[in-house]
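Colleague: I have a structure here, written as structure tokens, and I will follow up with some questions on it.
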Amino acid sequence: MCVTWKLKADASILKLRGSEINILDESTNQHMCVRYSYKISRQQSPKRERWQFSLDGVVVEPGHTYNVTVFNWPKPEIIDYRIRKQITIPGCDDPRLNRSVMCLQNGSLWDHNMTAVVSDREYNKLSIVVSFQASQYSERYQVSIQSPGFHYSKNVSKENRTSLNVTFEFGLKQLSQCEMLIMIQPFFIRCKNDCWRPEKIIDYCQYYPPRTLIVKATVGLLLIGSFLVYLLWRASHKDPVEMSLSADEEQTEGFQMQERRRVLIIYSLDHPLYKNIVLKLCAFLATKCGTEVVLDLLDSRRLGMLGSIQWLDWHREQIESSSDKILILCSRGVQAKWRAMCGDRRVFLREDVRSPVGDMLSPALSLMVPHFIRSASFEKYIVAYFDDVCSEEDVPSPFNITVRYKLMKQFEELFFRILDTEKHEPGRVNHIEGLSGDDYYHCPSGRALWDAIEAFHAYQQEHPQWFEDELLESSELEAEETSAEICDNAKTTTNLVTHCVPDSTQVMLRQLKTQGSDFTGDKTGPNMAEKFQMCITVEENPHIAENMQKKISKDVTVR
């Protein structure tokens, strides 16, 4: 987007000191402010024309709407001194843009040509074959089939094929209605897991032979009649107190997981007893819930080969391009380390020093919080805390914008979030047996988790200052056997590098500002580095920061 304006050729130009341009993205609420400083002594330019200025190189997104406001300094002593204009950038469906690289990587020209073939050859078995055309810019697809109370999905890779087929087979007893929704979720390069998803509704009842339909209709009428008779009998024998209940009270139904999900767990090593709770939770997720768990303590060998930042970033990219989730367990240590990243005193915990992987939370927060606040990645993150040993005050401020689950009271709701399934649906409530806060401890892994929570809770009652006891001072830190190695790793986890670029070729001064909720930083596109004075804040491994510094040193002066 390019913004161009002209100055009035009158005596007011001699008092003009500058202009300010504000650009607001209504879709993301991102705000950019650019200020020009003037020192003009003539009403017209040397070409005897009005002075004209422009702001170019502003990177915009297709389909977004921007509010552009321009006003001069000093502000005129009138009411309406601002010039406002609303600009909507054409979307990727516009013929002028749909063949651009950006839109192609968002799937603008993808012709899926989806078809579904239904067959009912086996007794009480239904087979659906979904066929569609693959796109050049998407290597993975997730095909799902949905019906009230039923959800099943499969992942498929392109593997140099242009046409893909996915087969679903299940029993007819699992379906409560004839209509089913088929949806294909692509994972394009730019939009990743937030891409447009084509849908198709099919009616499998029309594929049944007429005799089968007659038999099933007769059986259905008999069942409905029997149910009505039962309701009339219950109504005549109902207690007056029960009569006050709503007639359309939600019905709790069972739910069956159809796909194994993966969860990356982010936590703080607050205490040995808290670490035991995290490990027991992983065992409960794996054995009772059938979930694949990714934990740093269980993958120390690969973590040691890659390093903490690379290990976390690799798993984050894998999860963002799939239907898996990242579970953030908040505790006293999480809140303390977040405040340390925001400027408070640095925190060293005993378990971080003793652990072979060190402090994994601080690099995880610095890496994942910027992705967490993006709308495209928001649904990938789940925030929770153990209510018996932690509190809602332990949740860092960036996570206050989402739901915070209390464990283990709301574990069932959390698990529905992992499955991307709603617990409450019109007319019923889905339920998974053995996962509620009242009965999760009836299985062996749940009982072990309950014992671990109770043990840490009892310890906290006996030692109210337990967290302060876990904090290490400098003298205590040096006394640890492995402190030198751990501290070196901790120091190389994050560094703050600030690069500032003065504009020596322009008379005016352009300042960029970016606004956020809990943290601020300055950023811009790569094609604006030569035009603006900018301050870029980078939190990264020092080797990466050094390479970045070398890369931009041609146009950037380090201050």
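Colleague: With respect to Thr162, is the statement that it is open to solvent by 80 Å² or more (accessible area, probe 1.4 Å) and β-branched (Val, Ile, Thr) true?
Modeller: Values: open to solvent by 80 Å² or more (accessible area, probe 1.4 Å): yes; β-branched (Val, Ile, Thr): yes.
Judged against the criteria, Thr162 is a match.
Colleague: Sort out which residues of region 23-53 are exposed (fewer than 14 other Cβ atoms within 10 Å of the Cβ) and either modelled with pLDDT under 85 or assigned to a strand (DSSP E or B) (or both), and write them in order of number.
Modeller: Passing the criteria: Ser27, Thr28, Ser41, Gln52.
Colleague: Let me ask something else about it. Output the residues belonging to region 332-364 that are within 22 Å of Gln310 (Cα to Cα) and either among the polar types (S, T, N, Q) or in contact with a Phe, Trp or Tyr (Cβ under 6 Å, 6 or more places away or on another chain) (or both).
Modeller: Of everything in region 332-364, those that are within 22 Å of Gln310 (Cα to Cα) and either among the polar types (S, T, N, Q) or in contact with a Phe, Trp or Tyr (Cβ under 6 Å, 6 or more places away or on another chain) (or both) turn out to be Ser355, Ser362.
Colleague: Separate question: For region 176-204, give me each residue that is closer than 15 Å to Ser119 by Cα and either under 24 Å from the mean Cα position of the chain (by Cα) or open to solvent by 20 Å² or more (accessible area, probe 1.4 Å) (or both). Quick ask: steps written out before the conclusion?
Modeller: We begin by selecting, within region 176-204, every residue closer than 15 Å to Ser119 by Cα; these are 178-180, 202-204.
Correct list: Cys178, Glu179, Asp203.
Colleague: The conditions are (1) over 30 Å from Lys200 (Cα atoms); (2) part of a loop (DSSP other than H, G, I, E, B), and Glu20 fails exactly one of them. Which is it?
Modeller: All conditions are met except number (2).
Colleague: Just to confirm my filter: which helices (runs of 4 or more DSSP H) fall fully inside region 355-470 and include at least 1 residues that are open to solvent by 10 Å² or more (accessible area, probe 1.4 Å) and under 25 Å from Leu303 (Cβ atoms)? Spell out how you get there, then give the answer.
Modeller: Working: elements: 361-372, 411-418, 444-462, 466-470.
Result: 361-372, 444-462, 466-470.
Colleague: Same structure again: Can you list residue pairs whose Cβ atoms sit under 7 Å apart, with the first residue in region 1-17 being loosely packed, with under 15 Cβ neighbours inside 10 Å and the second being of a type in the set (Lys, Arg)? Count only pairs 6 or more apart in sequence or on different chains.
Modeller: From region 1-17, the pairs are Lys6/Arg50.
Colleague: Show the residue pairs that are 6+ apart or on different chains and have beta-carbon atoms under 6 Å apart, the first residue being within region 55-75 and free of Cβ contacts under 8 Å to residues at least 12 places away in the same chain, the second being open to solvent by 30 Å² or more (accessible area, probe 1.4 Å).
Modeller: Lys75/Tyr81
Colleague: Next question. Name the strands (runs of 3 or more DSSP E) wholly inside region 252-335 in which the number of residues that are without any contact (Cβ under 8 Å) to a residue 40 or more places away in the chain is 3 or more.
Modeller: Values: elements: 262-266, 292-294, 325-329.
It comes to 292-294.
Colleague: Also: For the list (1) part of a strand (DSSP E or B); (2) among the charged types (D, E, K, R); (3) touching a residue at least 60 places away in the same chain (Cβ under 8 Å), I need the number of the one condition that Arg84 fails.
Modeller: Condition not satisfied by Arg84: (3).
Colleague: Could you run through region 121-155 and say how many residues are part of a strand (DSSP E or B), open to solvent by 20 Å² or more (accessible area, probe 1.4 Å) and without any contact (Cβ under 8 Å) to a residue 40 or more places away in the chain?
Modeller: 4
Colleague: A further question follows. Across region 54-90, which residue is nearest to the chain's Cα centre (by Cα) among those that are polar (S, T, N, Q) and open to solvent by less than 70 Å² (accessible area, probe 1.4 Å)?
Modeller: Thr65
The values are calculated or read from the model by the stated rules, or taken from the named source; none is laboratory data. Treat the numbers as computed from the prediction; the structure is a model and nothing was measured. Positions of Cβ are generated from backbone atoms using ideal geometry, with glycine treated the same way; all protein chains shown enter the neighbour counts. Side chains are part of the model used for accessible areas, which takes the heavy atoms of the whole protein and leaves out ligands, DNA and RNA. Shrake-Rupley method; radii C 1.70, N 1.55, O 1.52, S 1.80 Å.
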